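One structure is given here, and the rest of the page talks about it.
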Amino acid sequence: MSDSDGGGGQEREGFEVVRPVVHLTPPAGWLNDPNGLCRIDGVWHAFYQHNPAADVWGPMHWRHATSADLHTWQDHGIALAPDEHGAIFSGSAVVDTAGSGGFGEGATVAVFTHAGAQGQVQSLASSVDGLRTWTKYDANPVLLPPAGEKDFRDPKVFRWGPPEGGHWVMVLAVGTRVDVYRSDDLRSWERSSSFAPELTESGVWECPDLFEVPVDGSEDTCWFLTASVGGTGPHGHGGTVAIPGRFDGAVFEAHDPGVQPVPVDHGPDFYAAQTFWNAPGGRTTWTAWLSSWHYAMSVPSAGWRGALGIPRDVDAVATRGGFRLRQRPTAELPSLRGRCVVAHDGPLRAPVEIRPSDGIFAYDLTLETGRAAGDPGLVLEVGDETSKAVTLALSPLGLSLERRSPPGRFVADSFEQEYTAPLDPPTGPSAFRIVIDTTSLEVFAGDGTIVLSAAYYWDGVPTLRLAGGPDAGSTTDWRIEIHELRPRPAG
Ligand code: FRU
């Protein structure tokens, strides 16, 4: 939490917020960070920071949802509720195959922050019935802060080393650093190192993660330490940063300690990112909260507020500036495509306009051009009858997104900004993938090395408009495919 504006503004009468169809949202109340992300027996589980009683941040619970495809979610209600140790802040979940924690072989163990009168401490809960019910450990908490440490939270736990001889690792946000702990039984934790880079923007660190991914086109792998930090996003929003480096089970060392970490998303709305435990086939998949503490409590509400971003598959690419994180929409997303509403190949001489055919405003767009630098690009707008919610200009040289409050419903000055992301001058064709779901837009460019995520709001009937860039009469060829996205029927 930081910089929140305390909002909770009244809705203008008649203002309707429509629920996204391929994003996880709470049935009612408030959502912030993803928690306890894991895949067990072929099912994706997501928990999230949740206040069931109001559409603003409050006494935090974990609420549970499952999915077969990472995009269509089924709600399972509250998993963890506040208790005598305090509210349930962010954390993670692992499967303890060997039963090292004493909760049973194969028990799922949630490791989370209790935030209460005694400050921020780390605690455990276990489930042996496929995550239907949880039992909090009766000797909670298991890890107390060093004296004077007030911000001590968001444990992300994973297994290091071979099945025999390995140990548990926890990364924890502690003030403006990340501490690494180790344990053999999930109950007693010993600090093995601290990582504290010199950041130009040094808000409190939150929600760290540490994971190893393959480097595209090589046998190499790269570790990334990620964390969400106030001020590191565009225009001083909180942002998720990724630091490439090495990890030996105890110490994380950045490849280049002098380099400022690059935000993993150039938009305002991708915070508190977390990877799923146990994604299959060596895959690393993550998601984040699709909002910003700057205005999260002031955006329009329909009795529920907040969504998780679209899950992305993550790996690394080698660039002149070192290893960079690459994020791409999952292989599951196309399985939610419905009708193809635009299939175009050639210069875009007249604008394309799309309105929802059956009340659902969700699209998966692929835009490709063979022309490199000098291409005038395309302009995509989402709006309603009276205003434009977002205008996205894209070309092979970069992206820029302007966002406005919906008509008659001012959100915040920090909401009405322009977000830009340059792209390296292309040597070949350029491709853009854009996922639009009702009230959000997530753009993937530069083969996933440049991502821009933003939520927006509209009133009435939404329209998606795509037109040629400034030089609309040009002869540049674009291959454009737009598919509707449709939720998978339940069952
Ligand atoms: C990040 C955060 C975490 C904390 C949680 C509380 O958005 O502030 O650090 O655990 O939200 O809801």
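The values are calculated or read from the model by the stated rules, or taken from the named source; none is laboratory data. No experiment lies behind these values; they were computed from the predicted model shown. Positions of Cβ are generated from backbone atoms using ideal geometry, with glycine treated the same way; all protein chains shown enter the neighbour counts. Areas reflect the complete protein model, heavy atoms only, side chains present, ligands, DNA and RNA absent. Shrake-Rupley method; radii C 1.70, N 1.55, O 1.52, S 1.80 Å.
Computed with every protein chain present, the accessible area of residue 326 is close to 10 Å² [probe 1.4 Å]. Under Stokes-Einstein, with the Kirkwood radius over Cα pairs as Rh, the value for region 263-374 at 25 °C and 0.890 mPa s is 138 µm²/s.
Of the chymotrypsin sites (Phe, Trp or Tyr not before Pro) found in region 388-491, those in coil by DSSP whose Cβ has at most 15 other Cβ atoms within 10 Å are 410. Using a probe of 1.4 Å on the protein chains alone, the accessible area found for residue 366 is around 30 Å². Each principal axis of the Cα cloud of region 31-124 was evaluated for its coordinate range; sorted largest first, these ranges are 36, 34, 16 Å. Each Lys or Arg adds one and each Asp or Glu subtracts one; over the other residues with Cβ under 9 Å from the Cβ of residue 27, this totals 0. Each Lys and Arg adds +1 at its Cβ and each Asp and Glu adds -1 at its Cβ; summed about the Cα centre, region 29-329 shows a dipole of about 400 debye. May I ask what percent, to the nearest 5, of DSSP beta bridges between residues of the chain are antiparallel? If we restrict to bridges inside the chain, about 95 percent are antiparallel. Computed FRET efficiency, Cβ-Cβ of residue 98 and residue 416, R0 41 Å: what is it to the nearest 0.05? Step by step, r from the Cβ atoms, then E = 0.20.
Normalised by 2.2 N^0.38 Å, with N the number of residues, the alpha-carbon radius of gyration of region 333-485 equals 1.00. For region 376-457, the normalised intensity computed at q = 0.16, 0.23, 0.24 Å⁻¹ comes to -0.60, -1.09, -1.16 (log10 of I(q)/I(0), Debye sum over alpha carbons, equal scatterers, no solvent). The mean sequence distance of close C-alpha pairs (under 8 Å, at least 6 residues apart), as a share of the length of region 333-485, puts its relative contact order at 42 percent. Relative to the current alpha-carbon distance between residue 319 and residue 75, full extension at 0.36 nm per residue lengthens the span by 83.8 nm.
What is the distance in Å between the Cα centroid of region 27-77 and that of region 336-411? Spelled out, the Cα-based centre of one part sits 30 Å from the other.
Using alpha carbons only, the radius of gyration of region 29-329 set against its Kirkwood radius gives Rg/Rh = 0.93. Taking the inverse of the mean 1/r over every pair of distinct Cα atoms in region 348-393 gives a Kirkwood hydrodynamic radius of 13.0 Å. Scaling the Cα radius of gyration of region 318-367 by the globular reference 2.2 N^0.38 Å produces a ratio of 1.67. Stretching the chain fully between residue 185 and residue 219 yields a gain of 9.0 nm (0.36 nm per residue, less the alpha carbon separation). With each label modelled as a point 7 angstrom along the Cα→C-beta vector, the residue 68-residue 341 pair spans 2.6 nm. Overall shape of region 178-271 was characterised from the C-alpha gyration tensor. The equivalent ellipsoid obtained from it has semi-axes of 23, 18, 12 Å, in decreasing order. Think of the chain as a dipole: +1 on every Lys or Arg Cβ, -1 on every Asp or Glu Cβ, centred on the Cα centre; then among 318, 340, 130, 340 lies furthest on the positive end.
What is the extension gain from residue 248 to residue 151, computed as 0.36 nm multiplied by their sequence separation minus the C-alpha to C-alpha distance, in nm to one decimal?
In short, 32.3 nm is gained.
By a 1.4 Å probe calculation restricted to protein chains, residue 476 has an accessible surface near 10 Å², given to the nearest 10. Here's the picture: charge each Lys and Arg Cβ at +1 and each Asp and Glu Cβ at -1 in region 372-491, and of 387, 422, 399 the one pushed furthest to the positive end of that dipole is 387. The longest stretch of the chain left intact once loop-based GluC sites (Glu not before Pro) with at most 15 other Cβ atoms within 10 Å are removed from consideration, loops following DSSP, is 220-384. The mean sequence distance of close C-alpha pairs (under 8 Å, at least 6 residues apart), as a share of the length of the chain, puts its relative contact order at 15 percent.
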